[in-house]
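First up is the structure itself, then whatever we jot down about it.
The values are calculated or read from the model by the stated rules, or taken from the named source; none is laboratory data. Keep in mind that this is a model prediction, so the values were computed, not measured. Every residue, glycine as well, gets a Cβ built from its backbone with ideal geometry; the counts of neighbours run over all protein chains shown. Just the protein is used for accessible areas: all its heavy atoms, side chains included, with ligands, DNA and RNA removed. Shrake-Rupley method; radii C 1.70, N 1.55, O 1.52, S 1.80 Å.
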Amino acid sequence: MLHPQDLDDALYAADLVLRDGARGRLIREAKVEEVEALLRLLDAPQRQTRRRCARILSEIAPAAACAPLEAALLDEARPPRVRVSAARILTTLSPQGVEALGLALADPDVRVRRAAATPAAPPSSLLAALEDEDPQVVERAAEALEALRHQPPTATLQAAAARQRSPALGRLLARVDARAAALIHAAQLGDPTALDHLGDEAALRGLLSGEHRHAAAWGLARLGEVPEGLAEDPDPRLRAAAARALPPDHPALHALAEDADAGVAWLARAALAGRFTPEALTRRLGPHARSDAASARPPYGIRPGDALPEVQRAEAALALCHTRFDMNLGVAVRSAEAAGLREVFLLGRGDLFRSPARGTDALLPIHVISDAAALIRRARAEGYQIVAVQQTPDSVSYIEADYPPRPLFVLGAEDSGVPEPLRLAADLIVEIPMFGVIDSLNVAAAATTVMLYWRAAAQQGSPSVALKGARPAQL
């Protein structure tokens, strides 16, 4: 049973870790009264309170949150700010075809209609919203229909496009009929969206002699068409379009592969290798092997009760030393799990802001270490080799380094870096080369870069990286 203090702590506790813990309990255990309290606070004077309430509501189980949210959305006596927030949160929680959002698309308040025009609303309501007097409602309804890959009648879309020219309407019309007269007319007038999506070969060829010839050439390339002379055009941007569109067996590709323009030559070599054939491009649209992972579904991350696969954990670990920013801790833990590391050490602090970890903190042992000497002792006792990520005169680029078999990646605080005892004890020090003006990456970004490069190189059998001793770990 939730303690009344949890709501206050989840919204107002100054201690970020305390607030994060209370928020987690509220998300897992919220009852009707807590949901109703959060709904009322969506109209709080403080923007921060409203944002935190909305975030909590968006992560509560749909079975507990959707009914109160739908009731609040349709209650015209509620403050508009509450109703607008309810519509937005429902979009994150609900499947497609939420009737309450469809009804809200006819609401007298334009702010509510704008918020309700999302892919979670019924397609029939979104289609009707294309006739709304408010341009934003029309644009958002078109974007939602586009996201749903709905197929509205061409006549309906052309009529909407005649009333209002908008990028979303143009894209939607192009997907339904890329040769529509309204799209051709808009392209001839120089409308960028129409030029980007027009699929009429004759119209595109007609544009080749005008000011929009680059867009026309690439439009024809999308259709697999290469007008005569395009491969020899003085403009490398047009030759690039030819290189991208020509089939692998076309003789002109060999000349283009030696083109003076490096971009044209690269595209031609890729085309010769068959990377742009219709079959190759179709493969890009297929689902990835991880598309069905539990963490790939809203609200995204690992949740209690998820069925998790067995993964190959590497004999490697991450240590974070005196990290000051709470967000960095959680993000770095998530990256350590993504890289398949075995465990994480926190040096100098025992708390963890868990929200950015997205549940991965439950998959990896997290150990609190008192100081640098204790971490060194632990590393030696467990057979780790210490790899410090730090810019020093002795550092090696992380890409060129010869990694040890059981690395313990050590990153320091945002301001002071890796503590001196760990720099001296490190068996290898790597750095990430910087090419801009900024001197370094943030701690979580640096940890992510090095760990994922190391693991990917190990999987590919790089001679300087090996997964010696790696073994499966049951999650």
*Which of the residues belonging to region 385-442 are part of a loop (DSSP other than H, G, I, E, B) and among the charged types (D, E, K, R)?*
ASP394, GLU400, ASP402, ARG406, GLU414, ASP415, ASP427, ASP439
*Flag for LEU428 being at pLDDT 90 or above, among the aliphatic types (A, V, I, L, M), over 32 Å from the mean Cα position of the chain (by Cα) and open to solvent by less than 30 Å² (accessible area, probe 1.4 Å)*: yes
*Members of region 240-249 found to be open to solvent by 30 Å² or more (accessible area, probe 1.4 Å) and either under 11 Å from ALA270 (Cβ atoms) or free of Cβ contacts under 8 Å to residues at least 24 places away in the same chain (or both), listed by number*: ARG244, PRO248, ASP249
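A quick yes/no check of all residues on (1) basic (Lys, Arg); (2) within 25 Å of ARG149 (Cβ to Cβ):
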residue: VAL176; (1), (2): no, yes
residue: GLU232; (1), (2): no, no
residue: LEU256; (1), (2): no, no
residue: GLY263; (1), (2): no, no
residue: ARG269; (1), (2): yes, no
residue: PRO278; (1), (2): no, yes
*Please enumerate the residues belonging to region 1-29 that are over 22 Å from GLY330 (Cβ atoms) and either touching a helix residue (DSSP H, G or I) at 6+ places or on another chain (Cβ under 9 Å) or at pLDDT 85 or above (or both).*
MET1, LEU2, HIS3, GLN5, LEU7, ASP8
*Which is modelled with pLDDT under 90, in contact with a helix residue (DSSP H, G or I) (Cβ under 7 Å, 6 or more places away or on another chain) and of a type outside the set (A, V, I, L, M, F, W, C), of ARG349, ARG358?*
ARG358
*Which members of region 361-377 meet the condition of being among the acidic types (Asp, Glu) and either surrounded by fewer than 17 Cβ atoms within 10 Å (Cβ to Cβ) or at pLDDT 90 or above (or both)?*
ASP371
*How many residues are of a type in the set (Gly, Ala, Ser), assigned to a helix (DSSP H, G or I) and more than 16 Å from CYS53 (Cβ to Cβ) when one looks only at region 14-26?*
1
*asked:* For region 151-168, which positions are more than 23 Å from the chain's Cα centre (by Cα) and under 24 Å from ARG205 (Cα atoms)?
replied: THR154, GLN158, ALA161, ARG165
_Among the residues in region 378-392, are any touching a His at 6+ places or on another chain (Cβ under 9 Å), under 21 Å from GLU315 (Cβ atoms) and open to solvent by 10 Å² or more (accessible area, probe 1.4 Å)?_
yes
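Yes/no per residue for (1) surrounded by fewer than 17 Cβ atoms within 10 Å (Cβ to Cβ); (2) of a type in the set (Lys, Arg); (3) closer than 23 Å to ARG165 by Cβ:
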{"position": "ALA186", "(1), (2), (3)": "no, no, yes"}
{"position": "ALA194", "(1), (2), (3)": "no, no, yes"}
{"position": "LEU198", "(1), (2), (3)": "no, no, yes"}
{"position": "ALA203", "(1), (2), (3)": "no, no, yes"}
{"position": "ALA217", "(1), (2), (3)": "no, no, no"}
{"position": "VAL226", "(1), (2), (3)": "no, no, no"}
{"position": "ALA255", "(1), (2), (3)": "yes, no, no"}
{"position": "GLU258", "(1), (2), (3)": "yes, no, no"}
*Does LEU148 satisfy the condition of being open to solvent by less than 30 Å² (accessible area, probe 1.4 Å), out of contact with any strand residue (DSSP E or B) (no Cβ under 8 Å at 6 or more places or on another chain) and either closer than 20 Å to GLY206 by Cβ or touching a residue at least 24 places away in the same chain (Cβ under 8 Å) (or both)?*
no
_So for region 66-86 (the condition being at pLDDT below 90 and in contact with a helix residue (DSSP H, G or I) (Cβ under 8 Å, 6 or more places away or on another chain)), does at least one residue qualify?_
no
*Take region 177-217 and flag every residue that is under 29 Å from the mean Cα position of the chain (by Cα) and either modelled with pLDDT under 90 or farther than 24 Å from ARG140 by Cβ (or both).*
ALA215
*Positions within region 131-143 being outside any helix (DSSP H, G or I) and either under 13 Å from LEU157 (Cβ atoms) or of a type in the set (Lys, Arg) (or both), in sequence order*: GLU131
